[in-house]
Amino acid sequence: MIDALRTVQVRVAEARPTPEVIVKVTQKLEEIAEALRAFSVPEEQRVAGRIPGVPGRGQALVPPIAVSFRDPARMIGTVRLTSVYLGSGGAAHGGVIPLIFDEFMGTFANMGWIARSRTAYLHVNYRVLVPADMDLRIEVRLQREEGRKLFLSGTLQKGDRVLADADALFVIPRKASP
């Protein structure tokens, strides 16, 4: 379902339909939304964002990131920013870059912990425009750990070129929360 939704998002982002097609598609999307209304549940019971084995955890907003390597010190993955995330001129929208880092660093920070950590801060440096519709390499590293605090760094790259880098602090709350 999430893959199909992502495909619809790409088709919408790339389309210039006629007014008649817009009306038909809108009606179908409204029908789908209505069909899902009966399955609305509280956050802790939802599927979206809670499927660890699915890129993006099944959250359609998050670009799918495929993890290719992980150990306690670092994690590496690949992400492709489709036309859904296009800013202009073939470059990804700048706002999606922190989303990618937060998602990937959060996944790494929560490996092996009983309680989920939370983002305390995330600082992103934009080095060059990030191209859309290309496979990009993302890597996160554990810089240090101080009690409940995890200090992380990360890079987003095309080949050997660093497109953006980030530093973050993830903290495990004193009282574990969902």
Inset, instruction - For segment 31-38, state whether one or more residues are hydrophobic (A, V, I, L, M, F, W, C), closer than 21 Å to residue 102 by Cβ and at pLDDT 90 or above. - result: no
Inset, instruction - May I ask you to verify whether residue 49 is modelled with pLDDT under 90 and either part of a helix (DSSP H, G or I) or of a type in the set (Asp, Glu) (or both)? - result: no
Legend entry - Counted residues, segment 1-22 - those being β-branched (Val, Ile, Thr) and loosely packed, with under 11 Cβ neighbours inside 10 Å: 1
Inset, instruction - Tell me, please, whether a residue that is touching a strand residue (DSSP E or B) at 6+ places or on another chain (Cβ under 8 Å), surrounded by 13 or more Cβ atoms within 10 Å (Cβ to Cβ) and farther than 22 Å from residue 3 by Cβ can be found in segment 41-60. - result: no
Inset, instruction - Having 2 or more residues that are hydroxyl-bearing (Ser, Thr, Tyr), surrounded by fewer than 16 Cβ atoms within 10 Å (Cβ to Cβ) and touching a residue at least 12 places away in the same chain (Cβ under 8 Å) is the bar; report the strands (runs of 3 or more DSSP E) wholly within segment 63-178 that clear it. - result: 118-126
Legend entry - Residue among 74, 80 that is closer than 18 Å to residue 165 by Cβ, of a type in the set (Lys, Arg) and touching an Asp or Glu at 6+ places or on another chain (Cβ under 9 Å): 74
Inset, instruction - Could you tell me whether any residue of segment 106-127 is touching a strand residue (DSSP E or B) at 6+ places or on another chain (Cβ under 9 Å), of a type in the set (D, E, K, R) and under 30 Å from residue 15 (Cα atoms)? - result: no
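The values are calculated or read from the model by the stated rules, or taken from the named source; none is laboratory data. In this text, all values refer to a predicted model and were calculated from it rather than measured experimentally. Every residue, glycine as well, gets a Cβ built from its backbone with ideal geometry; the counts of neighbours run over all protein chains shown.
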